[in-house]
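Chemist: Have a look at this one.
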Amino acid sequence: MSSILAKIIRNAIEKRAYKVGSKEVLKHILNARLIICSNSLNKDVLEKINEASKARDGNNDKSDTPLLIYHINKNSVELGRLIGKPFRVSIISIEDVDKEDLDTLAKEIQASNTSSHHR
């Protein structure tokens, strides 16, 4: 896991600026800046998140920052532990992220995706 992602998660936990679980994430998607999905997230839920994300970015005048969806290479048990929960967590949304940190994470994701396509 990248240090910037660890920083973003740590800050969100300190500020209590995150939502856990697909129902909560979908309910509060307008406030989300970053969504982190475990690799055990149900495909139907992922489709709903993607649809809601597109609708959000198309209708959201509050933010000039599109919603970033990050697929972390961890299962739901590991994601739960990462955020300090004693239970499985398939998805979380983070509402308060520094724009610079979000931009850095987006560049890391893009670089990772580019390098994995060239293998």
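Chemist: Being closer than 17 Å to ASN31 by Cβ and without any contact (Cβ under 8 Å) to a residue 60 or more places away in the chain is the filter; apply it to the range 67-108 and report the residue that is nearest to the chain's Cα centre (by Cα).
Modeler: ILE69
Chemist: Give the residues of the range 30-55 that are assigned to a helix (DSSP H, G or I) and within 22 Å of THR104 (Cα to Cα), sorted by residue number. Give the derivation first.
Modeler: So the first thing to find is which residues in the range 30-55 are assigned to a helix (DSSP H, G or I), and the list is 30-31, 43-55.
Of everything in the range 30-55, those that are assigned to a helix (DSSP H, G or I) and within 22 Å of THR104 (Cα to Cα) turn out to be LEU30, ASN31, ASN50, SER53, LYS54.
Chemist: Could you check the range 56-92 and list, in sequence order, the residues that are acidic (Asp, Glu), part of a helix (DSSP H, G or I) and at pLDDT below 90?
Modeler: Within the range 56-92, ASP57 is the sole residue that qualifies.
Chemist: Still on this structure, please answer the following. What residue, among those in the range 1-33 that are free of Cβ contacts under 8 Å to residues at least 40 places away in the same chain and in contact with a Lys or Arg (Cβ under 8 Å, 6 or more places away or on another chain), is surrounded by the most Cβ atoms within 10 Å (Cβ to Cβ)?
Modeler: Ranking the candidates gives LEU26 first.
Chemist: Shifting gears a bit: Being not aliphatic (A, V, I, L, M) and not in a helix (DSSP H, G or I) is the filter here; which residues of the range 19-29 pass it?
Modeler: Those that are not aliphatic (A, V, I, L, M) and not in a helix (DSSP H, G or I): LYS19, GLY21, HIS28.
The values are calculated or read from the model by the stated rules, or taken from the named source; none is laboratory data. Given the structure is predicted, the values throughout are model-derived calculations rather than measurements. Backbone-built Cβ (ideal geometry, glycine too); neighbour counts: all protein chains shown.
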